[in-house]
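Please read the structure below before turning to the comments.
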Amino acid sequence: MTDHPLRNTPSLDAFWMPFTANRQFKAAPRLLVAAQGMHYTADDGRSVLDGTAGLWCVNAGHGRRGIAAAVERQLATLDFAPTFQMGHPVAFAFAERLAEIAPGGPEAGLDRVFFTNSGSESVDTALKIALAYQRAIGQGTRTRLIGRERGYHGVGFGGISVGGIVSNRRVFPQLPGADHLRHTHDPARNRFVKGQPEHGAELADDLERLVQLHGAETIAACIVEPVAGSTGVLIPPKGYLERLRDICTRHGILLIFDEVISGFGRLGAPFATDFFGVVPDLVTAAKGLTNGTVPMGAVFASRTVHDALMRGPDGIELFHGYTYSGHPIACAAGIATLDIYREEGLLTRAADLSDDWAAAMHDLRGRKRVTDIRTLGLVAGIELESRPDAPGQRAYDVFVDCFARGLLTRVTGDIIALSPPLIVERGQIAEMAAVLGDAIDRAA
Ligand code: PLP
(Lines give C-alpha, C1' and ligand atoms only; values in the text may rest on other atoms or scores of the structure.)
Protein backbone atom coordinates (compact mmCIF):
# COMPACT_ATOMS: atom_id res chain seq x y z
CA MET A 1 0.00 0.00 0.00
CA THR A 2 1.22 3.43 -0.83
CA ASP A 3 1.20 5.49 2.31
CA HIS A 4 -0.79 8.49 1.22
CA PRO A 5 -1.74 11.01 3.85
CA LEU A 6 -4.86 12.47 2.27
CA ARG A 7 -8.18 11.43 3.63
CA ASN A 8 -10.62 9.93 1.13
CA THR A 9 -7.84 9.28 -1.33
CA PRO A 10 -7.76 5.70 -2.52
CA SER A 11 -4.56 3.74 -2.61
CA LEU A 12 -2.50 4.76 -5.60
CA ASP A 13 -1.08 1.31 -6.21
CA ALA A 14 -3.49 -0.30 -8.65
CA PHE A 15 -3.71 2.38 -11.35
CA TRP A 16 -0.74 1.94 -13.71
CA MET A 17 -0.57 5.49 -14.93
CA PRO A 18 0.01 6.31 -18.61
CA PHE A 19 3.05 8.31 -19.74
CA THR A 20 3.90 8.87 -16.09
CA ALA A 21 6.89 8.22 -13.86
CA ASN A 22 4.67 6.05 -11.66
CA ARG A 23 7.06 5.65 -8.73
CA GLN A 24 7.93 9.35 -8.71
CA PHE A 25 4.29 10.38 -8.93
CA LYS A 26 3.07 7.99 -6.25
CA ALA A 27 5.75 9.23 -3.90
CA ALA A 28 4.56 12.83 -4.37
CA PRO A 29 1.12 12.76 -6.00
CA ARG A 30 -0.59 15.69 -7.67
CA LEU A 31 -4.32 15.11 -7.63
CA LEU A 32 -7.08 17.16 -9.20
CA VAL A 33 -10.53 16.68 -7.73
CA ALA A 34 -12.77 19.24 -9.43
CA ALA A 35 -12.78 21.75 -12.26
CA GLN A 36 -14.77 24.79 -13.30
CA GLY A 37 -14.12 27.31 -16.04
CA MET A 38 -10.39 28.06 -16.22
CA HIS A 39 -9.52 26.34 -12.95
CA TYR A 40 -8.92 22.98 -11.41
CA THR A 41 -9.23 22.34 -7.70
CA ALA A 42 -6.41 20.27 -6.22
CA ASP A 43 -7.06 17.75 -3.47
CA ASP A 44 -5.77 20.18 -0.86
CA GLY A 45 -8.37 22.71 -1.95
CA ARG A 46 -6.03 24.95 -3.93
CA SER A 47 -7.24 26.52 -7.15
CA VAL A 48 -5.00 25.72 -10.13
CA LEU A 49 -5.17 27.79 -13.30
CA ASP A 50 -5.41 25.45 -16.28
CA GLY A 51 -2.61 26.44 -18.65
CA THR A 52 -2.97 23.33 -20.77
CA ALA A 53 -6.71 22.85 -21.34
CA GLY A 54 -6.32 19.58 -19.49
CA LEU A 55 -4.28 17.75 -22.08
CA TRP A 56 -4.94 20.11 -25.01
CA CYS A 57 -8.59 19.11 -25.00
CA VAL A 58 -10.83 21.26 -22.77
CA ASN A 59 -11.11 24.08 -25.31
CA ALA A 60 -14.37 25.52 -23.94
CA GLY A 61 -13.23 25.38 -20.34
CA HIS A 62 -14.38 23.07 -17.58
CA GLY A 63 -17.72 22.12 -16.14
CA ARG A 64 -19.86 23.16 -19.08
CA ARG A 65 -23.50 22.68 -18.06
CA GLY A 66 -24.73 22.31 -21.63
CA ILE A 67 -22.51 19.29 -22.20
CA ALA A 68 -23.44 17.71 -18.87
CA ALA A 69 -27.16 18.16 -19.61
CA ALA A 70 -26.83 16.71 -23.13
CA VAL A 71 -24.95 13.68 -21.82
CA GLU A 72 -27.49 13.11 -19.08
CA ARG A 73 -30.39 13.37 -21.55
CA GLN A 74 -28.73 11.00 -23.96
CA LEU A 75 -27.94 8.45 -21.27
CA ALA A 76 -31.58 8.40 -20.27
CA THR A 77 -32.80 8.14 -23.87
CA LEU A 78 -30.38 5.79 -25.65
CA ASP A 79 -27.31 4.72 -23.71
CA PHE A 80 -25.77 2.62 -26.44
CA ALA A 81 -26.64 1.35 -29.86
CA PRO A 82 -24.36 -0.42 -32.33
CA THR A 83 -23.19 1.31 -35.47
CA PHE A 84 -22.18 -1.89 -37.29
CA GLN A 85 -24.97 -2.54 -39.80
CA MET A 86 -27.23 -0.52 -37.46
CA GLY A 87 -27.46 3.18 -36.72
CA HIS A 88 -28.82 5.81 -34.40
CA PRO A 89 -29.71 9.42 -35.23
CA VAL A 90 -27.23 11.12 -32.89
CA ALA A 91 -24.20 9.79 -34.77
CA PHE A 92 -25.58 11.00 -38.12
CA ALA A 93 -26.52 14.35 -36.60
CA PHE A 94 -23.06 14.87 -35.13
CA ALA A 95 -21.35 13.85 -38.37
CA GLU A 96 -23.53 16.33 -40.22
CA ARG A 97 -22.67 19.11 -37.78
CA LEU A 98 -18.98 18.30 -38.16
CA ALA A 99 -19.31 18.27 -41.95
CA GLU A 100 -20.65 21.84 -41.74
CA ILE A 101 -17.43 23.05 -40.13
CA ALA A 102 -15.14 20.52 -41.81
CA PRO A 103 -11.50 21.56 -42.26
CA GLY A 104 -10.94 23.77 -45.28
CA GLY A 105 -14.60 24.75 -45.70
CA PRO A 106 -17.07 23.42 -48.27
CA GLU A 107 -14.65 23.66 -51.22
CA ALA A 108 -12.20 21.29 -49.56
CA GLY A 109 -14.82 18.55 -49.44
CA LEU A 110 -13.37 16.99 -46.28
CA ASP A 111 -16.86 16.25 -45.10
CA ARG A 112 -17.06 12.50 -44.69
CA VAL A 113 -16.57 11.61 -41.05
CA PHE A 114 -15.39 8.32 -39.53
CA PHE A 115 -15.74 8.11 -35.73
CA THR A 116 -13.15 6.66 -33.37
CA ASN A 117 -12.53 6.92 -29.62
CA SER A 118 -9.20 8.72 -29.39
CA GLY A 119 -6.46 10.49 -31.29
CA SER A 120 -4.45 7.30 -31.58
CA GLU A 121 -7.38 5.50 -33.12
CA SER A 122 -8.00 8.41 -35.48
CA VAL A 123 -4.41 8.20 -36.69
CA ASP A 124 -4.49 4.45 -37.25
CA THR A 125 -7.87 4.82 -38.94
CA ALA A 126 -6.57 7.53 -41.28
CA LEU A 127 -3.53 5.44 -42.20
CA LYS A 128 -5.74 2.44 -42.93
CA ILE A 129 -8.15 4.53 -44.99
CA ALA A 130 -5.17 5.80 -46.99
CA LEU A 131 -3.97 2.25 -47.68
CA ALA A 132 -7.47 1.09 -48.59
CA TYR A 133 -7.92 4.07 -50.90
CA GLN A 134 -4.70 3.41 -52.77
CA ARG A 135 -5.71 -0.22 -53.23
CA ALA A 136 -9.18 0.80 -54.38
CA ILE A 137 -7.81 3.04 -57.13
CA GLY A 138 -5.45 0.35 -58.40
CA GLN A 139 -2.36 1.60 -56.56
CA GLY A 140 -1.94 -1.43 -54.33
CA THR A 141 1.88 -1.19 -54.38
CA ARG A 142 1.57 1.97 -52.29
CA THR A 143 1.94 0.53 -48.79
CA ARG A 144 4.63 2.79 -47.35
CA LEU A 145 3.68 5.44 -44.79
CA ILE A 146 5.77 8.54 -44.21
CA GLY A 147 5.83 10.48 -40.95
CA ARG A 148 8.26 12.99 -39.52
CA GLU A 149 10.93 13.10 -36.88
CA ARG A 150 9.59 14.54 -33.63
CA GLY A 151 6.06 13.78 -34.78
CA TYR A 152 3.55 12.44 -32.27
CA HIS A 153 0.65 10.46 -33.62
CA GLY A 154 -0.48 8.56 -30.58
CA VAL A 155 0.47 5.13 -29.43
CA GLY A 156 -1.10 2.60 -31.79
CA PHE A 157 1.32 0.58 -33.90
CA GLY A 158 0.49 2.77 -36.90
CA GLY A 159 0.98 5.93 -34.90
CA ILE A 160 4.32 4.94 -33.42
CA SER A 161 5.53 3.74 -36.81
CA VAL A 162 5.05 7.16 -38.39
CA GLY A 163 5.79 8.98 -35.14
CA GLY A 164 9.22 10.30 -34.44
CA ILE A 165 9.78 10.14 -30.69
CA VAL A 166 12.44 7.60 -29.89
CA SER A 167 11.20 6.65 -26.42
CA ASN A 168 7.80 5.74 -27.88
CA ARG A 169 9.40 3.49 -30.52
CA ARG A 170 12.50 1.95 -28.99
CA VAL A 171 10.86 -1.06 -27.33
CA PHE A 172 8.23 -1.82 -29.96
CA PRO A 173 8.39 -3.17 -33.51
CA GLN A 174 7.01 -0.91 -36.22
CA LEU A 175 5.15 -1.24 -39.50
CA PRO A 176 7.50 -2.27 -42.28
CA GLY A 177 8.43 0.45 -44.71
CA ALA A 178 7.56 3.47 -42.58
CA ASP A 179 9.99 6.30 -43.09
CA HIS A 180 10.38 9.87 -41.85
CA LEU A 181 10.92 13.40 -43.03
CA ARG A 182 13.34 15.50 -41.06
CA HIS A 183 11.73 17.68 -38.41
CA THR A 184 11.46 21.42 -38.94
CA HIS A 185 12.92 22.63 -35.66
CA ASP A 186 15.78 24.96 -36.52
CA PRO A 187 16.47 27.31 -33.60
CA ALA A 188 19.76 28.45 -35.13
CA ARG A 189 17.78 30.26 -37.84
CA ASN A 190 14.39 30.73 -36.20
CA ARG A 191 14.90 31.60 -32.55
CA PHE A 192 12.23 33.62 -30.63
CA VAL A 193 9.80 33.84 -33.53
CA LYS A 194 6.21 34.98 -33.11
CA GLY A 195 4.10 33.00 -35.55
CA GLN A 196 5.52 31.05 -38.45
CA PRO A 197 9.30 30.96 -38.83
CA GLU A 198 10.84 32.44 -41.99
CA HIS A 199 13.30 29.64 -42.65
CA GLY A 200 12.81 26.02 -43.51
CA ALA A 201 10.23 25.64 -46.31
CA GLU A 202 12.85 23.63 -48.19
CA LEU A 203 12.70 20.93 -45.50
CA ALA A 204 9.52 19.74 -47.22
CA ASP A 205 11.76 18.61 -50.09
CA ASP A 206 12.74 15.74 -47.83
CA LEU A 207 9.60 14.06 -49.15
CA GLU A 208 10.98 14.41 -52.65
CA ARG A 209 14.16 12.72 -51.39
CA LEU A 210 12.14 9.81 -49.99
CA VAL A 211 10.29 9.53 -53.30
CA GLN A 212 13.64 9.27 -55.05
CA LEU A 213 14.81 6.71 -52.49
CA HIS A 214 11.77 4.44 -52.35
CA GLY A 215 9.79 5.20 -55.51
CA ALA A 216 6.52 7.12 -55.41
CA GLU A 217 4.65 3.96 -56.37
CA THR A 218 5.47 2.50 -52.93
CA ILE A 219 4.21 5.45 -50.87
CA ALA A 220 0.57 5.62 -49.76
CA ALA A 221 0.50 8.64 -47.48
CA CYS A 222 2.45 11.25 -45.59
CA ILE A 223 1.22 12.31 -42.16
CA VAL A 224 2.29 15.41 -40.23
CA GLU A 225 0.98 17.52 -37.40
CA PRO A 226 0.53 20.99 -38.92
CA VAL A 227 1.93 22.26 -35.61
CA ALA A 228 3.79 19.57 -33.70
CA GLY A 229 2.48 19.85 -30.16
CA SER A 230 3.75 17.00 -28.02
CA THR A 231 7.38 17.43 -29.00
CA GLY A 232 7.45 21.01 -27.88
CA VAL A 233 5.38 23.28 -30.14
CA LEU A 234 7.17 23.16 -33.48
CA ILE A 235 5.55 25.65 -35.83
CA PRO A 236 5.80 25.00 -39.57
CA PRO A 237 8.06 27.41 -41.46
CA LYS A 238 6.36 29.69 -43.96
CA GLY A 239 5.67 27.79 -47.17
CA TYR A 240 6.52 24.37 -45.72
CA LEU A 241 3.03 22.88 -45.67
CA GLU A 242 2.25 24.31 -49.11
CA ARG A 243 5.34 22.61 -50.49
CA LEU A 244 4.49 19.31 -48.82
CA ARG A 245 1.01 19.51 -50.35
CA ASP A 246 2.49 20.12 -53.77
CA ILE A 247 4.92 17.20 -53.57
CA CYS A 248 2.17 14.85 -52.38
CA THR A 249 -0.10 15.89 -55.21
CA ARG A 250 2.60 15.46 -57.84
CA HIS A 251 3.38 11.94 -56.67
CA GLY A 252 -0.08 10.59 -55.85
CA ILE A 253 0.66 10.51 -52.12
CA LEU A 254 -2.21 11.26 -49.74
CA LEU A 255 -1.51 14.05 -47.27
CA ILE A 256 -2.84 13.56 -43.74
CA PHE A 257 -2.93 16.37 -41.22
CA ASP A 258 -3.02 15.15 -37.64
CA GLU A 259 -5.16 17.86 -36.06
CA VAL A 260 -5.74 16.14 -32.74
CA ILE A 261 -4.24 19.19 -31.04
CA SER A 262 -4.63 21.92 -33.64
CA GLY A 263 -8.31 21.20 -34.36
CA PHE A 264 -11.23 23.07 -32.82
CA GLY A 265 -9.89 26.56 -32.57
CA ARG A 266 -6.43 26.19 -31.05
CA LEU A 267 -4.78 28.40 -33.68
CA GLY A 268 -7.60 30.92 -34.10
CA ALA A 269 -9.37 29.16 -36.98
CA PRO A 270 -11.55 26.06 -36.70
CA PHE A 271 -8.70 23.85 -37.94
CA ALA A 272 -5.04 24.31 -38.85
CA THR A 273 -6.15 23.41 -42.37
CA ASP A 274 -8.13 26.67 -42.38
CA PHE A 275 -5.46 28.64 -40.59
CA PHE A 276 -2.67 27.73 -43.02
CA GLY A 277 -4.92 27.49 -46.09
CA VAL A 278 -3.43 24.13 -47.06
CA VAL A 279 -5.87 21.32 -47.70
CA PRO A 280 -4.89 17.71 -46.99
CA ASP A 281 -6.79 14.57 -48.03
CA LEU A 282 -7.51 13.32 -44.54
CA VAL A 283 -7.66 15.09 -41.17
CA THR A 284 -7.55 13.40 -37.78
CA ALA A 285 -9.24 14.92 -34.74
CA ALA A 286 -10.06 14.08 -31.10
CA LYS A 287 -9.63 16.02 -27.84
CA GLY A 288 -11.57 19.26 -28.47
CA LEU A 289 -14.17 17.24 -30.39
CA THR A 290 -16.08 16.68 -27.14
CA ASN A 291 -14.27 19.30 -25.07
CA GLY A 292 -12.43 16.39 -23.48
CA THR A 293 -15.56 15.22 -21.69
CA VAL A 294 -16.19 11.88 -23.37
CA PRO A 295 -13.42 10.05 -25.21
CA MET A 296 -13.92 10.41 -28.93
CA GLY A 297 -11.98 10.90 -32.15
CA ALA A 298 -12.87 11.45 -35.79
CA VAL A 299 -11.30 11.29 -39.21
CA PHE A 300 -12.42 13.76 -41.87
CA ALA A 301 -11.99 12.20 -45.30
CA SER A 302 -12.20 14.00 -48.60
CA ARG A 303 -15.03 13.03 -50.88
CA THR A 304 -12.45 11.78 -53.37
CA VAL A 305 -11.07 9.32 -50.83
CA HIS A 306 -14.46 8.35 -49.46
CA ASP A 307 -16.16 7.96 -52.81
CA ALA A 308 -13.36 5.79 -54.21
CA LEU A 309 -14.13 3.29 -51.49
CA MET A 310 -17.86 3.34 -52.25
CA ARG A 311 -17.41 2.03 -55.79
CA GLY A 312 -16.49 -1.59 -55.12
CA PRO A 313 -18.86 -4.55 -55.03
CA ASP A 314 -21.87 -4.07 -52.79
CA GLY A 315 -20.98 -5.00 -49.21
CA ILE A 316 -18.85 -3.66 -46.38
CA GLU A 317 -16.54 -1.10 -47.99
CA LEU A 318 -14.00 -0.73 -45.18
CA PHE A 319 -13.27 -3.54 -42.78
CA HIS A 320 -12.55 -1.23 -39.91
CA GLY A 321 -14.40 0.32 -36.99
CA TYR A 322 -14.81 0.26 -33.23
CA THR A 323 -17.64 -0.96 -31.00
CA TYR A 324 -17.87 2.63 -29.81
CA SER A 325 -17.53 4.40 -33.18
CA GLY A 326 -20.21 7.08 -32.97
CA HIS A 327 -21.13 6.26 -29.37
CA PRO A 328 -24.39 8.09 -28.57
CA ILE A 329 -23.04 9.65 -25.37
CA ALA A 330 -19.92 10.94 -27.09
CA CYS A 331 -21.96 12.26 -30.00
CA ALA A 332 -24.34 14.05 -27.63
CA ALA A 333 -21.37 15.59 -25.84
CA GLY A 334 -19.88 16.55 -29.21
CA ILE A 335 -23.02 18.28 -30.45
CA ALA A 336 -23.31 20.23 -27.20
CA THR A 337 -19.62 21.15 -27.51
CA LEU A 338 -20.09 22.46 -31.05
CA ASP A 339 -23.07 24.50 -29.81
CA ILE A 340 -20.85 26.17 -27.21
CA TYR A 341 -18.05 26.77 -29.70
CA ARG A 342 -20.54 28.45 -32.03
CA GLU A 343 -22.41 30.48 -29.41
CA GLU A 344 -19.23 31.79 -27.83
CA GLY A 345 -17.21 32.16 -31.03
CA LEU A 346 -14.51 29.95 -29.57
CA LEU A 347 -13.25 28.49 -32.84
CA THR A 348 -11.86 31.90 -33.77
CA ARG A 349 -11.32 33.48 -30.35
CA ALA A 350 -7.63 32.55 -30.27
CA ALA A 351 -7.13 34.89 -33.23
CA ASP A 352 -8.27 37.86 -31.09
CA LEU A 353 -5.99 36.88 -28.23
CA SER A 354 -2.93 35.68 -30.10
CA ASP A 355 -1.10 39.04 -30.16
CA ASP A 356 -1.52 39.49 -26.41
CA TRP A 357 -0.63 35.86 -25.87
CA ALA A 358 2.53 36.16 -27.95
CA ALA A 359 3.51 39.40 -26.20
CA ALA A 360 3.07 37.88 -22.72
CA MET A 361 5.00 34.74 -23.59
CA HIS A 362 7.80 36.52 -25.43
CA ASP A 363 8.22 38.75 -22.39
CA LEU A 364 9.78 35.68 -20.78
CA ARG A 365 12.71 36.12 -23.13
CA GLY A 366 15.62 37.16 -21.00
CA ARG A 367 14.63 35.01 -18.07
CA LYS A 368 17.45 32.74 -17.03
CA ARG A 369 18.28 29.91 -19.42
CA VAL A 370 15.37 30.51 -21.78
CA THR A 371 16.81 29.55 -25.16
CA ASP A 372 13.73 29.91 -27.36
CA ILE A 373 10.07 30.90 -27.31
CA ARG A 374 7.58 29.93 -30.00
CA THR A 375 3.97 31.06 -30.19
CA LEU A 376 1.02 30.65 -32.51
CA GLY A 377 -2.69 31.06 -31.81
CA LEU A 378 -3.10 30.09 -28.16
CA VAL A 379 -0.07 27.81 -28.02
CA ALA A 380 3.37 28.52 -26.65
CA GLY A 381 6.55 26.52 -26.34
CA ILE A 382 9.21 27.86 -24.00
CA GLU A 383 12.51 26.07 -24.33
CA LEU A 384 15.09 25.99 -21.55
CA GLU A 385 18.74 25.12 -21.65
CA SER A 386 19.14 21.55 -20.39
CA ARG A 387 21.22 20.79 -17.35
CA PRO A 388 24.23 18.94 -18.73
CA ASP A 389 23.83 16.00 -16.38
CA ALA A 390 20.03 15.85 -16.35
CA PRO A 391 18.18 16.67 -19.56
CA GLY A 392 14.51 17.42 -18.91
CA GLN A 393 14.99 18.03 -15.20
CA ARG A 394 14.96 21.82 -15.34
CA ALA A 395 11.60 22.00 -17.11
CA TYR A 396 10.22 19.30 -14.84
CA ASP A 397 11.23 21.42 -11.84
CA VAL A 398 9.42 24.37 -13.41
CA PHE A 399 6.32 22.23 -13.92
CA VAL A 400 6.30 21.07 -10.29
CA ASP A 401 6.95 24.59 -9.02
CA CYS A 402 4.17 26.06 -11.18
CA PHE A 403 1.73 23.44 -9.93
CA ALA A 404 2.64 24.24 -6.34
CA ARG A 405 1.90 27.90 -7.11
CA GLY A 406 -1.38 27.24 -8.84
CA LEU A 407 -0.62 26.87 -12.54
CA LEU A 408 -0.87 23.70 -14.62
CA THR A 409 1.74 23.51 -17.39
CA ARG A 410 3.02 20.66 -19.51
CA VAL A 411 6.60 19.71 -20.19
CA THR A 412 8.34 17.66 -22.79
CA GLY A 413 12.09 17.39 -22.42
CA ASP A 414 13.17 20.89 -21.46
CA ILE A 415 10.31 22.55 -23.26
CA ILE A 416 7.32 23.97 -21.39
CA ALA A 417 4.12 23.96 -23.42
CA LEU A 418 1.10 26.12 -22.70
CA SER A 419 -2.26 25.79 -24.42
CA PRO A 420 -5.01 27.21 -22.20
CA PRO A 421 -8.75 26.77 -22.74
CA LEU A 422 -9.92 29.16 -25.44
CA ILE A 423 -12.07 31.01 -22.89
CA VAL A 424 -8.94 32.36 -21.20
CA GLU A 425 -9.06 36.04 -20.20
CA ARG A 426 -6.22 38.50 -20.73
CA GLY A 427 -5.63 38.78 -16.99
CA GLN A 428 -5.18 35.04 -16.77
CA ILE A 429 -2.65 35.15 -19.58
CA ALA A 430 -0.66 37.68 -17.56
CA GLU A 431 -0.99 35.49 -14.49
CA MET A 432 0.35 32.48 -16.37
CA ALA A 433 3.34 34.43 -17.63
CA ALA A 434 4.10 35.77 -14.14
CA VAL A 435 3.92 32.40 -12.37
CA LEU A 436 5.89 30.70 -15.11
CA GLY A 437 8.56 33.42 -15.22
CA ASP A 438 9.18 33.19 -11.50
CA ALA A 439 9.35 29.40 -11.64
CA ILE A 440 11.86 29.58 -14.48
CA ASP A 441 14.01 31.94 -12.42
CA ARG A 442 13.91 29.59 -9.47
CA ALA A 443 14.84 26.59 -11.59
CA ALA A 444 17.94 28.25 -12.99
N1 PLP B 1 -2.01 12.89 -32.47
C2 PLP B 1 -1.59 14.01 -31.89
C3 PLP B 1 -1.09 15.12 -32.75
C4 PLP B 1 -1.65 14.17 -30.52
O5 PLP B 1 -1.20 15.30 -29.94
C6 PLP B 1 -2.15 13.12 -29.73
C7 PLP B 1 -2.23 13.25 -28.26
O8 PLP B 1 -1.72 14.16 -27.67
C9 PLP B 1 -2.56 11.96 -30.38
C10 PLP B 1 -2.49 11.87 -31.74
C11 PLP B 1 -3.07 10.80 -29.58
O12 PLP B 1 -4.29 11.07 -29.03
P13 PLP B 1 -4.87 10.13 -27.86
O14 PLP B 1 -4.00 10.33 -26.68
O15 PLP B 1 -6.28 10.61 -27.69
O16 PLP B 1 -4.83 8.72 -28.37
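The values are calculated or read from the model by the stated rules, or taken from the named source; none is laboratory data. Not measured: the values here are computed from a predicted model. Here Cβ is always computed from backbone atoms with ideal geometry, including for glycine, and neighbour counts include all displayed protein chains.
Contact annotation: residue pairs with Cβ atoms under 6 Å, 6 or more positions apart or on different chains, pairing a residue in the stretch 292-307 that is closer than 16 Å to Ile137 by Cα and in the same structural domain as Arg112 (by TED's automatic domain parsing) with a partner that is among the acidic types (Asp, Glu) and surrounded by 21 or more Cβ atoms within 10 Å (Cβ to Cβ), are Ser302/Asp281; Val305/Asp281. Filtering the stretch 186-234 to residues that are away from the ligand (no atom under 16 Å from the Cβ), within 23 Å of Ser167 (Cβ to Cβ) and either assigned to a loop (DSSP other than H, G, I, E, B) or in contact (Cβ under 8 Å) with a residue 40 or more places away in the chain (or both) leaves Asp186, Pro187. Taking the criterion of being surrounded by 14 or more Cβ atoms within 10 Å (Cβ to Cβ), of a type in the set (Lys, Arg) and more than 22 Å from the chain's Cα centre (by Cα), the only residue of the stretch 163-199 that qualifies is Arg191. For the stretch 16-72, residues that are farther than 28 Å from Pro328 by Cβ, touching a residue at least 40 places away in the same chain (Cβ under 8 Å) and part of a helix (DSSP H, G or I) total 0. Annotation note: of Gly119, Gly104, Gly151, the sole residue that is touching a residue at least 12 places away in the same chain (Cβ under 8 Å), in the same structural domain as Gly177 (by TED's automatic domain parsing), crowded, with 20+ Cβ neighbours inside 10 Å and touching a helix residue (DSSP H, G or I) at 6+ places or on another chain (Cβ under 6 Å) is Gly104.
Restricting attention to the stretch 242-273, the residues being in contact with a helix residue (DSSP H, G or I) (Cβ under 8 Å, 6 or more places away or on another chain), part of a helix (DSSP H, G or I) and crowded, with 24+ Cβ neighbours inside 10 Å number 2. With respect to the conditions (1) farther than 30 Å from Ala76 by Cα; (2) assigned to a loop (DSSP other than H, G, I, E, B), Thr323 lacks only one, and its number is (1).
When Ala69, Ala95, Ala91, Ala28 are checked against the criterion of being exposed (fewer than 14 other Cβ atoms within 10 Å of the Cβ), touching a helix residue (DSSP H, G or I) at 6+ places or on another chain (Cβ under 9 Å) and over 29 Å from Arg410 (Cα atoms), Ala69 stands alone in meeting it.
The sole residue among Ala81, Ala102, Ala95 that is in a loop (DSSP other than H, G, I, E, B), in contact with a strand residue (DSSP E or B) (Cβ under 6 Å, 6 or more places away or on another chain) and away from the ligand (no atom under 16 Å from the Cβ) is Ala102. Annotation: of all residues in the stretch 294-323 being surrounded by 19 or more Cβ atoms within 10 Å (Cβ to Cβ) and within 13 Å of the ligand (Cβ to nearest atom), the one that is farthest from Gly119 (Cα to Cα) is Val294.
Among the residues making up the stretch 353-378, those that are without any contact (Cβ under 8 Å) to a residue 40 or more places away in the chain and either part of a helix (DSSP H, G or I) or touching a helix residue (DSSP H, G or I) at 6+ places or on another chain (Cβ under 6 Å) (or both) are Asp355, Ala359.
The set of residues in the stretch 123-146 being of a type in the set (Gly, Ala, Ser) and within 11 Å of the ligand (Cβ to nearest atom) consists of Ala126 alone. If you check Thr284, Thr249, Thr273 for being over 28 Å from Ser167 (Cα atoms) and within 15 Å of the ligand (Cβ to nearest atom), only one passes: Thr273.
Looking at the stretch 362-394, which of its residues are aliphatic (A, V, I, L, M), more than 21 Å from the chain's Cα centre (by Cα) and under 14 Å from Ile416 (Cβ atoms)? Within the stretch 362-394, Leu364, Val370, Leu384 meet the criteria.
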